[in-house]
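The structure appears below as structure tokens.
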4 protein chains.
Amino acid sequence: MIRIFVTGGTFDKEYNELTGTLFFKDTHLPEMLRLGRSRVEVSVRTLMMVDSLDMTDADRGLIVEECRKATEAQIVITHGTDTMVETARALAAALPPASGKTLVLTGAMVPYAFGSSDGLFNLGSALSFVQTLPPGVYLAMNGRCFTWDKVRKNRETGVFEAI
Amino acid sequence: MIRIFVTGGTFDKEYNELTGTLFFKDTHLPEMLRLGRSRVEVSVRTLMMVDSLDMTDADRGLIVEECRKATEAQIVITHGTDTMVETARALAAALPPASGKTLVLTGAMVPYAFGSSDGLFNLGSALSFVQTLPPGVYLAMNGRCFTWDKVRKNRETGVFEAI
Amino acid sequence: MIRIFVTGGTFDKEYNELTGTLFFKDTHLPEMLRLGRSRVEVSVRTLMMVDSLDMTDADRGLIVEECRKATEAQIVITHGTDTMVETARALAAALPPASGKTLVLTGAMVPYAFGSSDGLFNLGSALSFVQTLPPGVYLAMNGRCFTWDKVRKNRETGVFEAI
Amino acid sequence: MIRIFVTGGTFDKEYNELTGTLFFKDTHLPEMLRLGRSRVEVSVRTLMMVDSLDMTDADRGLIVEECRKATEAQIVITHGTDTMVETARALAAALPPASGKTLVLTGAMVPYAFGSSDGLFNLGSALSFVQTLPPGVYLAMNGRCFTWDKVRKNRETGVFEAI
């Protein structure tokens, strides 16, 4: 059983056709798993629905706490890309490899609802990495996997790269 | 560097609007990698473009031969789902773990061109499994990974399951 | 109020992921009207769900009869493209302009379910022509409108053209 | 020959994946006409690429001037929905029915690039109304057609309605 925690991010943004702006409603995770014909045993829980630039220390504390309490050894966290590395750092501090947990953060550059999203690709990727990697905290983006302290988001290109 | 061999299958089927039938033209792999914002170093080569029900022993021989000759240690093969297990068996016979190669076959239940395909999810999954699994021959479908001799396609449900 | 009669055709074909073939299930008309944010008053009724190459004289008789009985003066008929002209001819014989009815047949070259369909464009077109054209029988395809006896489908190009 | 003037609006908004905001790049009109398999003779020209809330009197003056100079008798204008009625009024003042020109404004509630757009439906509708309506200025939205002085956008529902 894999636990999936939803925190919002571009993944789940939608278009409000009355105001012409982007907003959060419900997560698209269940629909994405259906589309991918996923048969992985998962338990999805939405912790929050925020743009990761608006994520507070309290929010991060909650994510860490939920990961600590989770009984599953494999956890995927959907997250906005802008501060994904920061949340990964908080998780690594609280959940070292000795915790026995493999935590994989993933996200998207384009909202799933917008048709041409990288979200489905990243979700398939994150669910696969979490099943095979040893305990630790990782980021799965662009088909690649990085340990939490060896990656940064390049804001000019939108690509995650090794440091 | 990951080698991707394309052999056709539902992944790459298109709709011929003049005849109302499905057919093969070019592979959608490069477009799918772009959509997924993949930054994995890959080298894509189309070996054939066939429905896997039409795949001959000679076709399988060619796939095995190309995998043997490939200098990459990580190989993903896109393949029709109906005889994916059969090709996996042929690969396992020729390329035992001692060969040092990790081979992951994947496919789709719905053509990528049809909008609601599982292909992008499976591609993200296969590319991730191939980077992390030890040498051997695997099938990546439905977000799960099976060793070649522990899986069958359930034709009633369209789902790959452990045996 | 506009009456919409559904008869099947490429418009409504779906992909059966177990057999890899195309088939009919339910019509996509209501979903398409929702997607188009249509606020036209319509009443949708499915008469049959057939490939227009399989349409029999009895099927055509039924379509004609339903159009005759309909109390609406504006009728749109979704139809396979291959024999759309033939059904239009049957309708014109039974429902001359003096009947006071404007009948517009439309269809699609690519199934709506396949993402890149012309169906939504054609539906918007047919619903608009039917509101503005005088009584008669018309085909709305490719953004154009033809009277029933001035059009043929070019099978090489898939385009409807004036004769 | 139908003239299509592009002015921007939701129709043509895209998602900037680096900033997470919406912006204008090129018009999607030619791609939409291809998707719709349109065979209507059209000549597309982009006049501006603006959100209609940002449209100035000078912008409106330019649109009016271009419509006046156009040699085509049938003109479609893609436009943001928020001030579509205002531009229609300016056009009606300058181009009365006696000008011999049929002008149809249309737009979308959801960007075409976002997959589930009403844009293709509206485009098919506008192109059809412009071919059949007598000279005058009209709005084609939600499958319906309104003369310029008999319509308003309901901002609560996002629907155009008769007044």
Legend entry - Those residues of segment A:89-108 which are over 13 Å from A:Phe5 (Cβ atoms) and surrounded by 23 or more Cβ atoms within 10 Å (Cβ to Cβ), in sequence order: A:Thr102, A:Ala108
Inset, instruction - Looking only at segment B:126-136, count how many residues are surrounded by 24 or more Cβ atoms within 10 Å (Cβ to Cβ) and either under 12 Å from the mean Cα position of the chain (by Cα) or more than 7 Å from chain A (Cβ to nearest Cβ) (or both). - result: 3
Legend entry - Selection count, segment A:1-46, where residues are within 28 Å of D:Asp51 (Cα to Cα), touching a residue at least 60 places away in the same chain (Cβ under 8 Å) and in a strand (DSSP E or B): 5
Legend entry - Matching entry among C:Leu123, C:Leu91, C:Leu105, C:Leu139 (being under 12 Å from the mean Cα position of the chain (by Cα), part of a helix (DSSP H, G or I) and not polar (S, T, N, Q)): C:Leu123
Inset, instruction - Take segment B:75-96 and flag every residue that is in contact (Cβ under 8 Å) with a residue 40 or more places away in the chain, β-branched (Val, Ile, Thr) and within 14 Å of chain C (Cβ to nearest Cβ). - result: B:Thr81
Legend entry - Extreme residue, nearest to the other protein chains (Cβ to nearest Cβ), among residues of segment D:10-28 that are crowded, with 23+ Cβ neighbours inside 10 Å and aromatic (Phe, Trp, Tyr): D:Tyr15
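Return the residue satisfying two criteria in turn: it lies in segment A:109-118 and is farther than 18 Å from A:Phe146 by Cα and either of a type in the set (S, T, N, Q) or surrounded by 19 or more Cβ atoms within 10 Å (Cβ to Cβ) (or both), and of such residues it is modelled with the lowest pLDDT. Talk me through it step by step, then tell me what you get.
Residues of segment A:109-118 farther than 18 Å from A:Phe146 by Cα: A:110-117.
Those still in the list that are either of a type in the set (S, T, N, Q) or surrounded by 19 or more Cβ atoms within 10 Å (Cβ to Cβ) (or both) too: A:110-114, A:116-117.
Details: A:Val110: 92, A:Pro111: 91, A:Tyr112: 89, A:Ala113: 84, A:Phe114: 83, A:Ser116: 70, A:Ser117: 84.
The qualifying residue modelled with the lowest pLDDT is A:Ser116.
How many residues does segment C:43-82 hold that are loosely packed, with under 12 Cβ neighbours inside 10 Å and in contact with an Asp or Glu (Cβ under 9 Å, 6 or more places away or on another chain)?
1
Can you confirm whether segment A:10-17 contains a residue that is of a type outside the set (A, V, I, L, M, F, W, C), at pLDDT 95 or above and in contact with a strand residue (DSSP E or B) (Cβ under 7 Å, 6 or more places away or on another chain)?
From segment A:10-17, those of a type outside the set (A, V, I, L, M, F, W, C) are A:10, A:12-17; that's our starting set.
Adding the requirement that they be at pLDDT 95 or above leaves none.
Taking every residue of segment A:10-17 in turn, none turns out to be of a type outside the set (A, V, I, L, M, F, W, C), at pLDDT 95 or above and in contact with a strand residue (DSSP E or B) (Cβ under 7 Å, 6 or more places away or on another chain).
How many residues does segment A:97-116 contain that are touching a Gly at 6+ places or on another chain (Cβ under 9 Å), touching a residue at least 12 places away in the same chain (Cβ under 8 Å) and not charged (D, E, K, R)? Steps first, answer last, please.
Just the residues of segment A:97-116 that are touching a Gly at 6+ places or on another chain (Cβ under 9 Å), to begin with: A:97, A:101-103, A:106-116.
Adding the requirement that they be touching a residue at least 12 places away in the same chain (Cβ under 8 Å) leaves A:97, A:101-103, A:106-114.
Retained after the next criterion (residues that are not charged (D, E, K, R)): A:97, A:102-103, A:106-114.
Going through segment A:97-116 one residue at a time, the tally reaches 12.
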Legend entry - Top-ranked residue in segment B:137-159 [being over 30 Å from C:Lys13 (Cβ atoms) and facing another protein chain (nearest Cβ under 8 Å); ranked as surrounded by the most Cβ atoms within 10 Å (Cβ to Cβ)]: B:Cys145
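Which count do you get for residues in segment C:29-42 that are surrounded by fewer than 18 Cβ atoms within 10 Å (Cβ to Cβ) and either within 14 Å of the chain's Cα centre (by Cα) or more than 9 Å from every other protein chain (Cβ to nearest Cβ) (or both)? Steps first, please.
Residues of segment C:29-42 that are surrounded by fewer than 18 Cβ atoms within 10 Å (Cβ to Cβ), as a first pass: C:30-31, C:34, C:39, C:41.
Add one more test, that the residue is either within 14 Å of the chain's Cα centre (by Cα) or more than 9 Å from every other protein chain (Cβ to nearest Cβ) (or both), and what stays is C:30-31, C:34, C:41.
Matching residues across segment C:29-42 total 4.
The values are calculated or read from the model by the stated rules, or taken from the named source; none is laboratory data. In this text the structure is predicted, and so the values were computed from the model without any measurement. Reconstructed Cβ throughout: ideal geometry from the backbone, glycine too, with neighbour counts over all protein chains shown.
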